[in-house]
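Structure first, commentary second.
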Amino acid sequence: MDFLALVEAARTCRRFDESRPLSEADLEWLVDCARLSPSARNAQELRFIIINAGKACEELFGYCRFAGALKDWNGPARGERPTAFIAVLMPEKDNNLLCYDCGIACMAIQLGATSRGQGCCIVQSFARDKAEKLLQPPAGMKIALVLALGVAAEKRVVDGPRPDASLAYWRDGDNVHHVPKRPLSELIVGRF
């Protein structure tokens, strides 16, 4: 697949095929994608916790919030929930560069998942205290983000801005998830 097509396909996925769980090898491969990604000063300070099915996966799902812009949707229903999670950990005493490392690692995982027909939702809105009590990160580490993962079970497409210029994502009558993006011509603000 062409890289630009892969990036376009890597839209946030919020509905998964629960009948097709990811394997431990799938999740390790995704963490390996993050491991091999650039890291500020090559410090490689991020760590990862793999949550693969079972009670911990179900409990962590309950701590996450999905799709704040979809006011009439309460998140994935049974049968559409993530089958795995990866918690991205960073040192509690973070430096200004760790947020970049975290973003790079998450994008590597999302692109890797998409390349294999899997979906990924990078979740920042979750009950941090409860998630940390459940996952018990090593001393000195905290959960930065949680990635919900599984085999994608929804169609996501990129559109231009809506007629009202809104960039809020939305779902149509066929449950296709639309993600408005500004045109490239609007983003390039200078040439030298």
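With the biggest extent put first, the Cα atoms of the range 74-185 measure 49, 38, 27 Å across the principal axes. Per residue, the accessible area of the chain comes to 57 Å², computed with a 1.4 Å probe over protein heavy atoms only. Remark on residue 120: its backbone amide H falls under 5 Å from those of 13, a criterion applied only to residues 5 or more positions apart or on other chains, H modelled at 1.01 Å from N.
Only Cα pairs under 8 Å and at least 6 apart count here; give the relative contact order of the chain as a rounded whole percent.
After rounding, I find 29 percent.
Once the chain from residue 74 to residue 168 is taken as fully extended at 0.36 nm per residue, the excess over their C-alpha distance is 32.2 nm.
Inter-label distance, residue 58 to residue 191: 5.7 nm, where each label sits 7 Å from its Cα along the C-beta direction.
Using a probe of 1.4 Å, the accessible surface attributed to residue 20 totals some 130 Å² when neighbouring protein chains are kept in position.
Calculated from the alpha-carbon coordinates, the chain shows an Rg and a Dmax of 17.1, 56 Å respectively. With a threshold of 26 Å on the Cα-Cα distance, the over-threshold entries among 93/133; 55/93; 142/181; 71/133 are 55/93; 142/181; 71/133.
Ligands, DNA and RNA left out, the 1.4 Å accessible surface of the chain is 52% carbon and sulfur atoms. Label separation (residue 158 vs residue 104): 2.2 nm, computed from points 7 Å beyond Cα along the C-beta direction.
The calculated FRET efficiency for residue 178 paired with residue 2, based on their beta-carbon distance and R0 = 35 Å, is about 0.95. Put the Cα centre of the range 127-141 next to the Cα centre of the range 65-94 and the gap is 16 Å. By the helix-only formula, in which each DSSP H run with n ≥ 4 contributes -39500 (n - 2.57) and the sum is divided by residues, the chain has a 222 nm mean residue ellipticity of -9000 deg cm²/dmol.
The values are calculated or read from the model by the stated rules, or taken from the named source; none is laboratory data. Treat the numbers as computed from the prediction; the structure is a model and nothing was measured. Virtual Cβ from ideal backbone geometry, glycine too; neighbours counted across all protein chains shown. Areas reflect the complete protein model, heavy atoms only, side chains present, ligands, DNA and RNA absent. Shrake-Rupley method; radii C 1.70, N 1.55, O 1.52, S 1.80 Å.
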